[in-house]
Amino acid sequence: MSDTHAESIPFVRETTLPQAAPPTAERGVYKWGRENLFATPANALLTLVSIYVIYVVLSAILPWVLNGVWNAGSLSECREILAGTRGGCFAVLVDRWEQLFFGFKYPSDQLWRPTLTLVLFFFAVAPVLFFDLPRKLLAFTAVFPFLAYWLIWGGPILVPIVALVGVGAGYVVYSRLVAQSFAGGFFGGIAAAAVVWFLGGYLVDATTGPSSLLDAVPSRDLGGYMLNFMLGVTCVSLSVPIGIALALGRQSSMPLIKWLSVIFIEFIRGVPLITLLFVASVMLAYFFPPNSTVDLFLRVVIMITMFSSAYIAEVIRGGLAALPKGQYEAADSLGLDYAQSMRLIILPQALKISIPGIVNIAVGLFKDTTLVSVISMFDLVGMIRGPILASTDWNGVYWELLGFAALLFFVVCYGISQYSQWLERRLATDHR
Amino acid sequence: MTTLTDPAKGAFRPSMLLYDTRYRSLTLQAIAAIVLALCLMYLYSNLADNLRAAGLNISFGFLADTAGYDINQTLIDYNSQSSNLRAAVVGILNTLLVAFLACVTATIFGVLAGVLRLSPNWLVRKLMAFYVEIFRNIPVLIWIIIIFTIMTAVLPAPSAFRGDDPDSSMLFNLAAFTNRGIYIPGPYFTRGFGLEGNGGLNWILVIAVLIGSLIGTRAVTASANAKQEATGVRPKTLWINLAIWFVPIIVVLFALGLQWDIPALRGFNFGGGIQIGGPLIALWFALSIYTGAFIAENVRAGILSVSKGQTEAAAALGLRPRRVMSLVVLPQALRVIVPPLISQYLNITKNSSLAIAVGYADITATLGGITLNQTGRAIECVLLLMLFYLIISLLISAFMNVYNNSMKLKER
Amino acid sequence: MTEAVKTPAQMAVSDEVAISIQNMNKWFGSFHVLRDIDLTVNRGERIVICGPSGSGKSTLIRCINALEEHQKGSIEVDGTLLSSDLKNIDKIRSEVGMCFQHFNLFPHLTILENCTLAPIWVRKTPKKEAVETAMHFLEKVKIPDQADKYPGQLSGGQQQRVAIARSLCMRPRIMLFDEPTSALDPEMIKEVLDTMIELAEEGMTMLCVTHEMGFARQVANRVIFMDQGQIVEQNEPEEFFNNPQSPRTQLFLSQILGH
């Protein structure tokens, strides 16, 4: 075998050794177990401790879940059915699912409206999340906000139509003018939209009658998990454009613009969301014109949007900073002006890098929407702590309700963060 | 953009304000300043109109008025006759207390979980991944409420400890877990100085001794370093350090006659010892375990950021695994770990404002809650509240900038 | 460099065995990376290992200082048998220096600290002495003036020379090089190779994974060609390059020398 000692050079191998299987100690379950569970005594101890922890947790939760009662009218009925054995009283979920999902004031015969909106939401958001889908689907995404508004709040259909036509007119003017100058397109678009809305306002006033297709539902009747979802989606989508503007402002060479952006971003990031919600509930109303009534939902949306736009601005700033300087120089050398180079060269790349970060902000924000329960809005947590636990029937059903709320949030947040990781892997392999 | 010198000097046309690089930026900023001023004036006039209509004014005089409410957990003397300002200070101290406690425990949880996530043990790895995912994906408010519910609904009432054959008993007869909070033994002195107060001077002495021990161990480490530099051999310092830490403090505590006040059932409630209220425990534990999950991810990312080549190069030089960790991997990993760790501390401080959900008297619950509701001074209270958090954030970010600048790797 | 060059035969090779590898096998999972490797290296020998990527050459030299664990067969370095015994691993590592493709300098330490770290903590050298040794070797690799800079402030070639100096500070009896020039720009390759040649002339035992065939001709006294985890051919450089025996060696040489 060993014919290759130093003195035996030169050496030429005539036959090729075949691949051999590793020795048994290096294969299969045995090797896996040795390396992964029992490599050292300390490691083996850790394995045993882990198994014990898993046993304790499962033996506490499994019987409680499997022995649960799903059909009862109140906690005392549950206890009768359980007759002293351990088990959860999940009947509360069956009894109060409407309240958990939609709040306690949304008309129960209209629940199909928010449900339909949710289904449509998935269609609207799909082309934004998955680049491979045909771009034409984005048209539906553009229409969706107006449709969703009408479905959830109801009232005269002319309102969302006028709003949509205004935006459409603004877009047409913008796309005509933007080739010459971005500023012209931008302000022209806004002016066109404003004109349409102004004229449309008269139209809506003139035709207001009782004959609306869908009954109007006031904002204060929204609640439950739907409220968390609406706040999360609305505020994140509103804060992306504002965040872009703030990020660009922070990079600006104009000191005034730069410092305004910095002060805004650092101020918002320096205070807890709850203080901003206090502003929404007790302070913001003072800044609106006297005698105007801006409902709490809108005020909360304004404050949460400010909150998340500051965080999103920081993510986008990171994306802008990650672009090589050569990109900026190349754009300048082609003779593009600031708006063009941002719009055509810089932002498309920077936003793509930023998407995982923005998604993480969105997850955080969605979790933070539970804070509105502190300013007595009845979101999922507010519903549980308020009307449901306070009712005589279900006073004391903590674990089932809190566990259910935790599960709902976990499913959505875990799903989104898995999407974000998938996207990050995909962007990493994309040739950029 | 470079500024080109225009040959036609003096020929100023209005269009140059927009299309000349010398004036463009100034023009745009002037426009922005005017728009901003108009917006602020509009908001201010609305505010003034609304305040006049409601018969209010902006004034901070209410801070000196009597607060008129009680706070169950205070670090300084306070009663319902104290001023609103003092109530706010109590709140600030409570915020700082829970934030500090939560930062310490969150770091411990996070480092443990982060290191264990890289363990060679498959089961431990999976278990830690489960912990991280569960806590990161469920709102912290729900965790606070869940732990608060455990405190109030699951733990027994003090009355359950009564009788000859009570339903509940104290842990080792030292600590009691009740739905009114956890009672643990509290230390007090029988000899020494300042016994009339709460033994303040004695505590200062104890702290002075601990600081002395710290200086002592530093000196031992320094002399070990010097010896290693001179001879190459590093003396063992473990036992000397342990002795320096423990011997003086034990002697001093013995000399001062340290006794433990053990909580005991008196009437309907426990008395003696230290009471840690349920809201504090709930907030503390929930914040630590929730933020711990985020810190675990930072720690893991930090350790993974040190490339395998670094470990290999150190091993190839013959360094033992423990030294590879302490001399090569950790100094590099800490650069990656510390900045996000500090922003997690900032998050803990901000999230401690959720105290209001469980009735812990932090600054948000005192100034932004009860004081605001009783005085109706919404604008003043919210502004002061924001100012407080802003100052804390700015201090922490300033510290972080100093740290980042001092740790920056030098590169070409 | 040109006049003073000795031919490989002129550089002394003793009969003392430095490394002895017998029937060594290694698997990554079920993939058989190294198959029945037998190799004896005498003190003072300079061996160049070449072969296509994935042939196991890096793995082979990483097994020698236990950066990779082998699963069958034996490796003996300077009479110390490489086993799972930590004492033996420590002994071998402190006698075997290694340079990596990507240098792996410690970015948080200065050049000087990089060089003194292991002598201080492994060899227990007093600091003053360690600094003197480090400066000696930094002078040898011709960058003593960079001692207080950080790795990130140096060029690639300088970094690799520091990495060589860092290894030399441990006074190793054997040096392993894992593609030391393949991450470098052409003009920097020369400065690193010059340093390695100088080292060879001083009689250092060297195992070098490299595709620098000029270096192999000039310095090596044996060239080993590996493919699919096996040693396919080994010979003196002249014979190896001018008259390769195995068809796989011929194919490989025609590919790398063909352009």
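Peptide C:92-99 has a mean of 3 when you count, residue by residue, the C-beta atoms of other protein chains within 10 Å of its C-beta. Positive end of the dipole of the protein assembly as shown (Cβ unit charges, origin at the Cα centre): among B:Gln228, C:His70, B:Ile134, the Cα lying farthest that way belongs to B:Gln228. Per residue, the stretch B:1-122 exposes 63 Å² of solvent-accessible protein surface, assessed with a 1.4 angstrom probe and all protein chains in place. Each Lys or Arg adds one and each Asp or Glu takes one away; over the other residues whose Cβ falls under 10 Å from the Cβ of C:Gly229, this sums to +1.
Within the stretch B:180-336, the proportion of C-alpha pairs whose separation exceeds 20 Å stands at 73%.
Measuring heavy-atom accessible area with a 1.4 angstrom probe and counting protein chains only, the residues of the stretch B:290-337 that give up at least 50 Å² relative to the chain alone are B:Gln310, B:Glu312, B:Ala313, B:Ala316, B:Leu317, B:Gly318, B:Leu319, B:Arg320, B:Leu327.
For the cross-link pairs B:Lys308/C:Lys124; B:Lys236/C:Lys128; C:Lys72/C:Lys127; C:Lys149/C:Lys190; B:Lys308/C:Lys57, which exceed 29 Å when the distance is taken from alpha carbon to alpha carbon?
C:Lys72/C:Lys127
Take the Cα of A:Ile190, go 7 Å toward its beta carbon, and the backbone nitrogen atoms of the stretch A:256-271 under 16 Å from that spot belong to A:257. Counted by Cβ distance under 9 Å from C:Arg62, the other residues give a net charge of -3, where Lys and Arg count +1 and Asp and Glu count -1. The calculated FRET efficiency for the pair C:Arg173 and A:Lys325, based on their C-beta separation and a Förster distance of 45 Å, comes to about 0.40.
For A:Ala179 paired with A:Asn360, estimate the spin-label separation in nm (one decimal), with each label point 7 Å from Cα along the Cα-to-Cβ line. Output for this residue pair reads 4.2 nm.
Take the Cβ-Cβ distance between A:Trp259 and A:Asp205 as r, set R0 to 51 Å, and report the resulting FRET efficiency rounded to the nearest 0.05.
0.75
In the protein assembly as shown, taking the dipole from charged Cβ atoms about the Cα centre, the farthest positive-side position among B:Ser352, C:Thr40, A:Phe101 is held by B:Ser352. Placing +1 on the Cβ of every Lys and Arg and -1 on the Cβ of every Asp and Glu, with no other charges, gives the stretch C:131-259 a dipole of roughly 240 debye about its Cα centre.
The B and C chains share an interface that buries close to 2700 Å² of accessible area, total over both sides, probe 1.4 Å. Amide H contacts of A:Gly154: A:Val217, each under 5 Å away and 5 or more positions distant or on a separate chain (H built 1.01 Å from N in the peptide plane; Pro and chain starts excluded).
Pairwise inverse Cα distances across the protein assembly as shown, averaged and inverted, put the Kirkwood hydrodynamic radius at 35.7 Å. Across the stretch A:288-352, the volume of the C-alpha convex hull divided among the residues equals 111 Å³ per residue.
Chain A and chain B together bury an accessible surface of about 4800 square angstrom, both sides counted, with a 1.4 Å probe and no ligands or nucleic acids included. May I ask for log10 I(q)/I(0) of the stretch A:238-306 at q = 0.16, 0.20 Å⁻¹, from a Debye sum over the Cα atoms as equal point scatterers with solvent left out? The calculated log intensity ratios at q = 0.16, 0.20 Å⁻¹ are -0.65, -0.89. Here the stretch B:1-124 is treated with +1 on each Lys and Arg Cβ and -1 on each Asp and Glu Cβ, and its dipole about the Cα centre works out to around 600 debye. Only protein atoms count toward the accessible area here, which uses a 1.4 Å probe; on the stretch C:142-253, the carbon and sulfur part of that area reaches 45 percent. Taking every C-alpha pair closer than 8 Å and separated by at least 6 residues, the mean separation divided by the residue count of chain A gives a relative contact order of 16 percent.
Let's test the formula: R0 of 25 Å, r as the Cβ-Cβ distance of A:Leu66 and B:Leu118. What FRET efficiency results, to the nearest 0.05? With R0 = 25 Å, the Cβ-Cβ based efficiency is 0.10. In this rough spin-label picture, where each label sits 7 Å from Cα along the Cβ direction, the A:Ala339-A:Gln421 distance is 4.3 nm.
For the stretch A:309-354, what does the relative contact order come out to in percent, with C-alpha contacts under 8 Å and a separation of six or more?
57
Taking the Cα centre of the stretch A:168-317 as reference, the dipole from Cβ charges on Lys and Arg (+1) and Asp and Glu (-1) amounts to some 480 debye.
The gain in end-to-end length when the B:Ile31 to B:Ala219 segment is fully stretched comes to 61.4 nm, 0.36 nm per residue minus the alpha carbon separation.
The Cβ shell under 12 Å around B:Thr371 holds other residues with a net charge of 0, Lys and Arg each +1, Asp and Glu each -1.
Of the peptides C:138-147, B:351-360, A:121-130, the ranking by mean beta-carbon count within 10 Å, highest at the top, reads B:351-360, C:138-147, A:121-130. Along the axis of the charge dipole computed for the protein assembly as shown (Cβ charges of +1 for Lys and Arg, -1 for Asp and Glu, origin at the Cα centre), the listed residues B:Val209, B:Ala264, C:Ala183 are led at the positive end by B:Val209. Burial of accessible area (probe 1.4 Å, heavy atoms of protein chains only) in the stretch A:375-421, relative to its chain alone, reaches at least 40 Å² for A:Arg385, A:Tyr398, A:Trp399, A:Leu402, A:Ala406, A:Phe410. Highest mobility in the GNM of chain B, judged by mean-square fluctuation with C-alpha springs under 10 Å and restricted to B:Ile342, B:Ile250, B:Ile276, is found for B:Ile250.
Would you work out what percent of the accessible area of chain A, with all protein chains in place, is carbon or sulfur (probe 1.4 Å)? Carbon and sulfur: 68 percent of the exposed surface of chain A. To put it simply, the accessible area of chain B at a 1.4 Å probe is 67 percent carbon and sulfur. Computed with a 1.4 Å probe over protein heavy atoms only, the accessible surface of chain A comes to 52 Å² per residue.
Within the listed set A:Gln349, A:Gln19, A:Gln110, the residue fluctuating most in the Gaussian network model of chain A (springs between alpha-carbon atoms under 10 angstrom) is A:Gln19. Sorting the segments B:173-184, A:413-424, B:362-373, B:147-158 by their residues' average number of neighbouring beta-carbon atoms within 10 angstrom, most packed first, yields B:362-373, B:173-184, B:147-158, A:413-424. Think of a 1.4 Å ball rolled over the protein heavy atoms: the stretch C:116-221 then has 37 Å² of accessible area per residue. List the residues of the stretch C:120-141 that lose 30 Å² or more of accessible area once all protein chains are present, compared with their chain alone (1.4 Å probe, heavy atoms only, no ligands or nucleic acids). Correct list: C:Trp121, C:Val122, C:Lys124, C:Pro126, C:Lys127.
The values are calculated or read from the model by the stated rules, or taken from the named source; none is laboratory data. For clarity, every value in this text was computed on a predicted model and none was experimentally measured. Ideal geometry is used to build each Cβ from the backbone, glycine not excepted, and the neighbour counts take in all protein chains shown. Quick note on the areas: whole protein, heavy atoms, side chains included, nothing else; ligands and nucleic acids left out. Shrake-Rupley method; radii C 1.70, N 1.55, O 1.52, S 1.80 Å.
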